Amino acid sequence: MIDKLKNYGIQGAEQFKTVTPVKKGWSADEKYKVVTNSGQKLLLRISSIKEKERKHKEFQYLSAMDRTIRASSPLAFGTCLNEERTYIIYTWVDVEDAEIALKNYSKEKQYKMGYKAGQSLRKINSIPMLDEYESWDKRYNRKIDSKLKMYESCEVALEDAHKFLEVIERYRPLIKNRPTVFMHGDFHVGNLVIDNEGTVGIIDFNRFDFGDPWDEFNRMIFTVDVSNYFASGMINGYFNDQVDKHFFELMALYTAVNQIGSLPWAVKFGKKEVATMQRLSKQIIE
């Protein structure tokens, strides 16, 4: 494996001592835990060259991230394998998945950890923008229309789907004049980790996006499914205990759109994922 990566032409590969594949996650990227000759631990992600521009943008934004945020920091970006692939090398953090580790903490501690995670998310959304984008309402309205069309063509259906559709219709006008910021893009407990001191870290920025910061909460059901206390703390931490009066309306909209779109996505991965999305959708309605 080490010889293979050295032949790829990756910066610093001659210093790699051990390389271990990382299988977790849905990404098509090749991921490896690397230990160098000096004992430094790294995360190496190798992507299609088609992702070069996007990966470079990820490298730029994460390089500007507040260093008080517990996350893997990008160290190097480049191309490899005769310009056929692109890669980023990050620092490695020894942690445990939050969806597993949270169960080992008291309800009070779970809330405090969620609060810290919300504060970190706020800092991520505050990273200065490098580019200008079309207004959020124009982009998101197209996204809504696309997801509704895919749902209508889907071979399976959500129970009480009409309730999600009603929420979309009712709160859709609220997206007008919403800001556009840098977003993690997939922020939920499945992309959070906890170290042995109980500090929450954030991983997997590969689905980063630009849009309304409150759209970061569209996957809150995944977090609630693990810990209501952590989820509650996350919202209060994000808003510094002063939750905006329109937040829950917009969170309802973004959650409804995400759930409507989740079923066509789940169908591609089989009955187990479809059942999971149907269960979570029912949980949201209840």
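Straight-distance candidates among the lysines for linking to LYS116, with alpha-carbon spacing under 16 Å and chain neighbours fewer than 8 residues away dropped: LYS107.
For segment 258-286, the residues whose amide N sits under 13 Å from a probe point set 7 Å from the Cα of LYS163 along the beta carbon direction are 279-286. Extending 7 Å from the Cα toward the beta-carbon at both ASP3 and LYS149 defines two label points whose distance is 5.1 nm. In sequence order, segment 221-231 has phi-based couplings of 4, 5, 6, 4, 4, 9, 7, 4, 5, 4, 4 Hz under the Karplus curve 6.51 cos²θ - 1.76 cosθ + 1.60, θ = phi - 60°, and Gly or Pro positions carry x.
Return the loop-located trypsin sites (Lys or Arg not before Pro) in segment 169-235 (DSSP other than H, G, I, E, B) with at most 13 other Cβ atoms within 10 Å of their own Cβ; answer none if there are none.
Numbers: sites: ARG170, LYS176, ARG207, ARG219; in loops: LYS176, ARG207.
Qualifying residues, ordered by number: LYS176.
Taken one residue at a time, the phi angles of segment 236-250 give Karplus couplings (6.51, -1.76, 1.60, θ = phi - 60°) of 5, x, 4, 9, 6, 6, 10, 5, 4, 5, 9, 4, 5, 5, 6 Hz. Gly and Pro are set to x. Per-residue ellipticity at 222 nm, computed for the chain from helices alone with -39500 (n - 2.57) per DSSP H run of at least four residues, works out to -13000 deg cm²/dmol.
On full extension, the segment bounded by LEU81 and ARG172 gains 28.2 nm, given 0.36 nm per residue less the C-alpha separation. Read phi for every residue in segment 53-60 and hand back ³J(HN,Hα) as whole Hz from Karplus 6.51 cos²θ - 1.76 cosθ + 1.60, θ = phi - 60°, with x for Gly and Pro. The phi angles translate into 4, 5, 5, 5, 5, 4, 4, 5 Hz. Can you list the lysines whose alpha carbon sits under 24 Å from that of LYS55, skipping same-chain ones fewer than 8 residues off? Answer for LYS55, where 24 Å is the Cα cut-off: LYS4, LYS6, LYS23, LYS24, LYS31, LYS33, LYS41, LYS123, LYS143, listed by chain and number.
To the nearest ten degrees, helix 161-171 and the longest principal axis of the Cα atoms of the chain are 90 degrees apart. Relative to the longest principal axis of the Cα atoms of the chain, the long axis of helix 271-285 makes an angle of roughly 50 degrees. Within the straight-line cut-off of under 16 Å between alpha carbons, the aspartates and glutamates reachable from LYS271 are GLU155, GLU159, sequence neighbours fewer than 8 places apart in one chain being disregarded. The dipole here belongs to segment 96-285: it is taken about the Cα centre, uses +1 on the Cβ of Lys and Arg and -1 on the Cβ of Asp and Glu, and is about 280 debye.
Summary of packing: across the peptides 110-118, 90-98, 148-156, the per-residue average of other C-beta atoms within 10 Å ranks them, highest first, as 110-118, 90-98, 148-156.
Read-outs throughout are calculated quantities, based only on the coordinates presented, and are distinct from any laboratory measurement. What you see is a predicted model, and the numbers here were worked out from it, not measured in a lab. Counting neighbours? That spans all protein chains shown, and the Cβs are built from the backbone with ideal geometry, glycine included.
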